[in-house]
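The values are calculated or read from the model by the stated rules, or taken from the named source; none is laboratory data. Note that the structure is predicted; figures quoted are calculated from it, not measured. Cβ placement follows ideal geometry from the backbone for every residue including glycine, while neighbour counts extend to all protein chains displayed.
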Amino acid sequence: MSFIAEFMIIEIWFLLIGMAAIIIFKLTTGRINLKGLLCEKNMANKFSPVRVQLLLVSVAVAFYYLLKLFKDPTRFPMVNLKVLLALGGSNLVYIAGKYRALYKIKM
């Protein structure tokens, strides 16, 4: 591998580690507020299972692609249709819940 390619890989790792360190620092000092992240905003901070499922599916998809990338770092992983449908379905459930709450539709 050429010197430039190795140098760029090292620089990307420094960038990613630096960004992670900044985010962790801001989370621990309270500059990034996570209060109410899993609660409905318009219902007196009532717990929202729809937000939890969206968060869990999004994190699972991110880790799935990260693991695929670590298996073969020479190319970006192809988009799997089942994973794409799971992520899209999760977002659709979240948006449908928002729509239902906005227009007060009873199910």
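Annotations
Here is a yes/no grid of residues against (1) farther than 30 Å from residue 8 by Cβ; (2) assigned to a helix (DSSP H, G or I); (3) without any contact (Cβ under 8 Å) to a residue 40 or more places away in the chain:
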{"position": "41", "(1), (2), (3)": "yes, no, yes"}
{"position": "65", "(1), (2), (3)": "no, yes, yes"}
{"position": "83", "(1), (2), (3)": "no, yes, yes"}
{"position": "93", "(1), (2), (3)": "yes, yes, no"}
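- Any hit, region 51-66, residues being among the polar types (S, T, N, Q) and either at pLDDT 95 or above or assigned by TED's automatic domain parsing to the domain that holds residue 94 (or both): yes
- Residues of region 33-72 classified as surrounded by 10 or more Cβ atoms within 10 Å (Cβ to Cβ), among the charged types (D, E, K, R) and under 21 Å from residue 93 (Cα atoms), total: 3
- Of the criteria (1) loosely packed, with under 13 Cβ neighbours inside 10 Å; (2) within 16 Å of the chain's Cα centre (by Cα), which one residue 87 fails: (1)
- Scanning region 77-107 for residues that are more than 30 Å from residue 40 (Cβ to Cβ) and out of contact with any helix residue (DSSP H, G or I) (no Cβ under 7 Å at 6 or more places or on another chain) gives 78, 79, 80, 81.
- Checked against the criterion of being among the charged types (D, E, K, R) and over 30 Å from residue 99 (Cα atoms), the candidates 71, 46 yield just one match: 71.
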